[in-house]
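Report on the following structure.
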Amino acid sequence: STVCLTDVEFISSTVAIACGSGGNMYRSIDGGETWSPIPIPVTNTVNKIMFINSLTGFGVGNKGIIILTTNGGFNWVSQVSPTQEDLFDISFVSSTLGIAVGKNNTILQYGSILTIPVFQLSVTSGIG
């Protein structure tokens, strides 16, 4: 089957991690010249990865998956997710404050890397 890659994140000038459909993830240690598969604990699409430093990174994806690495992407561990909605993006303003967003106005706020409260954003259409 065809793998669709959805994101790539460089964690140094030579080390990069790419993620995509079917729980596929790849690591390059030579600036993207060659890639090796990384086993991860999910089979759903990982839509976005974000590293907050050279060791700690998060991935988010379909069906609310959240995965965490604390060793530069060598190993990933599933995290308890408060949602089953597809998650499309994640961003951190600091090592202890981040936001993930997804389908149906889902917003997950990370108060720390171990606490994951969630709320649904109520959007009203006030245009016009």
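In terms of modelled amide H atoms, which long-range or inter-chain residues lie less than 5 Å from the amide H of G61?
Excluding prolines and chain starts, which carry no amide H, the hits are N47, L87.
How long are the semi-axes of the ellipsoid equivalent to the chain, from square roots of 5 times the Cα gyration tensor eigenvalues, in whole Å, largest first?
In descending order the semi-axes read 26, 16, 14 Å.
Mind giving me the FRET efficiency for T14 and S95? R0 is 30 Å, r the Cβ-Cβ distance, nearest 0.05 is fine.
Computed FRET efficiency for T14 and S95 comes out at 0.85.
Treating the beta-carbon of each Lys and Arg as +1 and of each Asp and Glu as -1, no other charges, what is the dipole magnitude of the chain about its Cα centre, to the nearest 20 debye?
My answer is approximately 220 debye.
Could you provide, to the nearest whole Å², the per residue accessible area of the chain with probe 1.4 Å?
54
Could you pull the Rg and Dmax for region 35-104, using just the Cα atoms, both in Å?
Taking only Cα atoms of region 35-104, I get Rg and Dmax of 11.5, 34 Å.
Between L68 and I29, what's the calculated FRET efficiency when r is the beta-carbon distance and R0 is 30 Å? Round to 0.05.
FRET efficiency, L68 to I29: 0.90.
The values are calculated or read from the model by the stated rules, or taken from the named source; none is laboratory data. None of the values given here were measured: they were computed from a predicted structure. Note that each Cβ is placed from the backbone with ideal geometry, even for glycine, and that neighbours are counted across all protein chains shown. Surface accessibility is based on the protein's heavy atoms, side chains included, excluding ligands, DNA and RNA. Shrake-Rupley method; radii C 1.70, N 1.55, O 1.52, S 1.80 Å.
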